[in-house]
Amino acid sequence: MIGGRGSKPAVQLPHYKYIELPSGRWHTNEHSMYNISSKKWNNPSIIGQCIPPASHFIIEKINSTRAVLFGGRETDDESENTFTDSVYILEISISTVTWQCIKKPEAIDQWPVGRCHHAGAIIITRLDCPMLVISGGEGDDDDILDDCWIFNITQHSWIKLDVPHSVSERYGHSLSVFIMSPHCVWMITVGGCVDRTGTLITYPNSTMLTELVLNDKREWTVGDTLDTNGMNDEEYKKKYQQQLQTGRRKQEEYQKFNEEHIISVQ
């Protein structure tokens with residue numbers, strides 16, 4: 001558990017930061033780790049450039065020891081808030097969390113703006129190439145953002161996806177992915193709000209399915225998008241079964257290739 005916004009902390013631990021906001025709430029970057037076996041909390045040591053006191057970011061698991069964090073509302077020592085566009089890669093052990101901060105290069109334009117209240121999910125179709133997909137959120141001047149991006153965690157690069165407004169123009173929502181095959185991912189967007197008054201996304205757009213397809217140039221593109229009505233259609237159900245069968249076959253072929261490759265290397 002990392003950071004967040006809340007009431008005044010009863011104890012301020014060394015090596016972490018605690019900043020009081022004008023509202024009387026507090027921001028922190030405190031780390032807490034719960035050991036399920038011992039049923040005890042501990043506070044790990046920090047190595048590297050840790051995120052400042054922040055909240056409303058997303059943090060997604062890559063594997064059993066790695067995670068990726070993006071965005072959020074950060075607070076500096078003067079209690080000024082900013083929406084960050086930095087990416088952090090975390091290496092986690094029992095007693096330490098090692099941070100790597102990836103900032104937007106000056107020469108690069110292809111990079112999402114800072115945000116909070118966005119949603120994200122991890123896509124892993126190949127073991128050597130995990131990706132983070134994000135959408136929507138709240139930006140500067142209380143803008144509701146309307147975009148969707150994929151971050152290549154290995155190459156540290158972003159690509160923007162051309163998804164419909166009904167998918168990405170929202171905040172406070174959730175995002176999940178379903179791997180149909182190494183070349184096809186279904187992204188599920190659920191819930192959220194459409195304006196600053198907190199108006200909820202309504203049926204049939206409350207749940208959206210977006211097909212992401214890897215083309216011949218190994219670029220991710222947007223395929224079909226379905227709302228709740230579309231997902232209940234018989235044609236969709238037939239396509240789902242076909243995709244699932246194709247995905248299973250391709251996954252088996254991919255696993256067999258990997259096993260043969262490992263054997264040949266040994």
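Rounded to the nearest angstrom and ordered from largest down, what semi-axes does the equivalent ellipsoid of the stretch 1-103 get from its C-alpha gyration tensor (root of 5λ)?
Value: 22, 18, 11 Å, ordered largest first.
What does the helix-only formula give at 222 nm for the chain: each DSSP H stretch with n ≥ 4 adding -39500 (n - 2.57), the total divided by the residues, and the result rounded to the nearest 500 deg cm²/dmol?
Only helices count here, giving -5000 deg cm²/dmol.
Give the lysines reachable from Lys160 as a straight Cα distance under 20 Å; neighbours fewer than 8 places away on the same chain don't count.
Of all the lysines, those that pass the test against Lys160 - Cα under 20 Å, at least 8 places apart if same chain - are Lys103, Lys104, Lys217.
Expected output is a single nm value to one decimal: the length gained when fully extending between Asp109 and Asn43, i.e. 0.36 nm times separation in residues minus the C-alpha distance. What is it?
20.0 nm
Could you give me the ³J(HN,Hα) list for the stretch 97-103, computed from phi with Karplus coefficients 6.51, -1.76, 1.60 and θ = phi - 60°, whole Hz, x at Gly and Pro?
Ordered by residue, 3J(HN,Hα) equals 10, 9, 10, 10, 9, 10, 9 Hz.
Where a number appears in this text, it was derived from the coordinates with a stated rule and is not lab data. Predicted model, so just to flag it, every value in this text is computed and none were measured.
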